[in-house]
Amino acid sequence: MRVRSKESIQKDRIRRRKEYDKGQAILRRYKILKGCSKCGYNSNALALEFNHINPAEKKFLIAQKCHNLVRSNGTKTKREIKEEIFKCEVVCCNCHSILTYEKKHYAVERKSRS
């Protein structure tokens with residue numbers, strides 16, 4: 001078993017956090033650029049969400065894999081997250097709640113968060 005120093009572990013945590021933050025920034029810019037597909041809202045990325053058009057095809061939660069957006073072009077993980085984003089539409093929180101209720105997406109079996 002490999003033994004790592006506390007300093008090495010801390011550096012690794014910092015590196016992963018920076019990747020996650022950069023990935024989140026990319027997602028925020030994308031959501032602002034697209035805006036809500038229903039009402040057109042695009043003032044604040046925090047109020048915009050990804051809505052899977054067909055929830056049965058959902059592989060994972062985009063926010064949990066956003067750190068992969070920082071990877072080099074052509075990598076498998078970056079390609080996977082882009083494919084997942086293309087399965088979605090950007091909607092504001094209000095429109096997302098209405099869509100989820102009307103289409104009964106809340107009844108779809110939840111995917112594991114692995």
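Every number in this text was worked out from the coordinates using simple rules, so none of it is lab data. Nothing here was measured: the structure is a model prediction, and the numbers come from that model. Please note: Cβ atoms are built from the backbone with ideal geometry, for glycine as well, and neighbour counts cover all protein chains shown.
Data for the structure
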item	result
Residue selected from the range 1-36 under the condition exposed (fewer than 12 other Cβ atoms within 10 Å of the Cβ), aliphatic (A, V, I, L, M) and over 19 Å from residue 89 (Cβ atoms), by the criterion nearest to the chain's Cα centre (by Cα)	14
Residue count, the range 36-69 (criterion: of a type in the set (Ser, Thr, Tyr) and without any contact (Cβ under 8 Å) to a residue 24 or more places away in the chain)	1
Matching entry among 44, 51 (being of a type outside the set (Gly, Ala, Ser) and closer than 23 Å to residue 83 by Cβ)	51
Qualifying position, being in a helix (DSSP H, G or I), in contact (Cβ under 8 Å) with a residue 60 or more places away in the chain and among the hydroxyl-bearing types (Ser, Thr, Tyr), among 20, 30	30
Odd one out for residue 89, checked against (1) over 13 Å from the mean Cα position of the chain (by Cα); (2) surrounded by 15 or more Cβ atoms within 10 Å (Cβ to Cβ); (3) not polar (S, T, N, Q); (4) not in a helix (DSSP H, G or I)	(1)
Matching entry among 39, 66 (being within 26 Å of residue 105 (Cβ to Cβ) and surrounded by 14 or more Cβ atoms within 10 Å (Cβ to Cβ))	66
